[in-house]
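FYI, it's all coordinate maths here, none of it is from the lab. Not measured: the values here are computed from a predicted model. Heads up, the Cβs are rebuilt from the backbone with ideal geometry, glycines too, and the neighbour counts pull from every protein chain shown.
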Amino acid sequence: MMGIDGFTLSHVFENVDMPAQKDVDKFLPKIKMPFILDTKKPVTMGSVGGPDYYMEIRKEHQDAILNSKKIIKQIHDDFKKEFGRGYGDGTIEGYKIEDAEKILIGIGTIIGTSRAVVDELRAKGEKAGLLKIRLFRPFPR
């Protein structure tokens, strides 16, 4: 099943727990912008390379995506240590999956409703669980 987020994103309110700005500023590195758009000195930057370099660019892009998983997990662990909350391992997050015989897998805003469904199924005695995909690229394995 495919769930589209449109209605949920535009018409539903959910609580958001935002850390204090000073804590966020302490956690995040200072922004370094190597390329800034300047109307007095306009440039064009694009993601398309000529035929001589296109496949090399795509290969480097794929390698960077695959290598990002360990960095994402490390930043997740650092965030958890700093703010006292974590989300699975940063790539996936399980909900009542330890003894589950059926696991619903989803991504995006459908997860909030899916947690409620898992709770209802558990109340009826079914061993249901939920696996939230938190990272699409690289896709968790």
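Overview of results
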item: Condition broken by F136, with the remaining ones in (1) of a type outside the set (V, I, T); (2) surrounded by 12 or more Cβ atoms within 10 Å (Cβ to Cβ); (3) closer than 28 Å to G6 by Cα satisfied; result: (2)
item: Sole exception among (1) surrounded by 14 or more Cβ atoms within 10 Å (Cβ to Cβ); (2) in contact with a strand residue (DSSP E or B) (Cβ under 9 Å, 6 or more places away or on another chain) for K73, by number; result: (2)
item: Residue within the stretch 106-113 that is closer than 30 Å to K26 by Cα and among the hydroxyl-bearing types (S, T, Y) present; result: yes
